[in-house]
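Please read the structure below before turning to the comments.
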Amino acid sequence: MSTRDNGKWDAVVLNPLDQVATALGNLSAGQSVRVRSGEVVEVIVLAEDIPLCHKFAVRVVAQGGVIHKYGEAIGAASIDIAIGRHVHVHNLKSLRAQRNQLNENSPS
């Protein structure tokens, strides 16, 4: 459900390309949270607890799918991630390590 922004929200999507929102406080499993994305606020029910400043999915991300935050790729889903799930090291594989490894193995 989407509504116009009235200035009250629990999490924010930083860029329209992002599949994740950032929690603005400690949020609880089962809680209906208001997520601001631009001028629109969407209500999402959380599937698990989300600590302050951690990420959770606002769109379904299939295993292997690239996850964006700040409009930039931050990693790939190591498993399917449903809306309202915590997105962190247990289900997000960094792409930075792959880029570093590629740089180390490239000829000088």
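With modelled with pLDDT of 95 or more, out of contact with any Asp or Glu (no Cβ under 6 Å at 6 or more places or on another chain), of a type in the set (Asp, Glu) and crowded, with 20+ Cβ neighbours inside 10 Å as the only criterion, which of ASP49, ASP10 stands out?
On the way: ASP49 fails: crowded, with 20+ Cβ neighbours inside 10 Å.
One residue alone meets the criteria, ASP10.
For the stretch 82-104, filtered to residues that are among the hydrophobic types (A, V, I, L, M, F, W, C) and at pLDDT 95 or above, the residue that is nearest to the chain's Cα centre (by Cα) is VAL87. Set side by side, the residues SER28, SER37 differ, and just one is surrounded by 17 or more Cβ atoms within 10 Å (Cβ to Cβ) and of a type in the set (Gly, Ala, Ser), which is SER37.
Mind checking which residues of the stretch 27-71 are more than 13 Å from ASP10 (Cα to Cα), assigned to a strand (DSSP E or B) and either in contact (Cβ under 8 Å) with a residue 40 or more places away in the chain or polar (S, T, N, Q) (or both)? Answer for the stretch 27-71, where residues must be more than 13 Å from ASP10 (Cα to Cα), assigned to a strand (DSSP E or B) and either in contact (Cβ under 8 Å) with a residue 40 or more places away in the chain or polar (S, T, N, Q) (or both): VAL61, ILE67, HIS68, LYS69. Number of residues in the stretch 34-65 that are more than 11 Å from the chain's Cα centre (by Cα), among the hydrophobic types (A, V, I, L, M, F, W, C) and under 22 Å from ARG96 (Cβ atoms) equals 1.
What number of residues in the stretch 75-97 are in a strand (DSSP E or B) and either of a type in the set (D, E, K, R) or within 22 Å of ASN26 (Cβ to Cβ) (or both)?
Residues of the stretch 75-97 in a strand (DSSP E or B): 75-77, 81, 86-87, 92-94.
Among the residues that remain, those that are also either of a type in the set (D, E, K, R) or within 22 Å of ASN26 (Cβ to Cβ) (or both) are: 81, 86-87, 92-93.
Residues flagged as in a strand (DSSP E or B) and either of a type in the set (D, E, K, R) or within 22 Å of ASN26 (Cβ to Cβ) (or both) within the stretch 75-97 amount to 5.
Every condition in (1) modelled with pLDDT under 95; (2) surrounded by 13 or more Cβ atoms within 10 Å (Cβ to Cβ); (3) of a type outside the set (A, V, I, L, M, F, W, C) is met by LYS55 except one, and the failing one is (1).
The values are calculated or read from the model by the stated rules, or taken from the named source; none is laboratory data. Small disclaimer: the values here were computed from a predicted structure and weren't measured. Here Cβ is always computed from backbone atoms with ideal geometry, including for glycine, and neighbour counts include all displayed protein chains.
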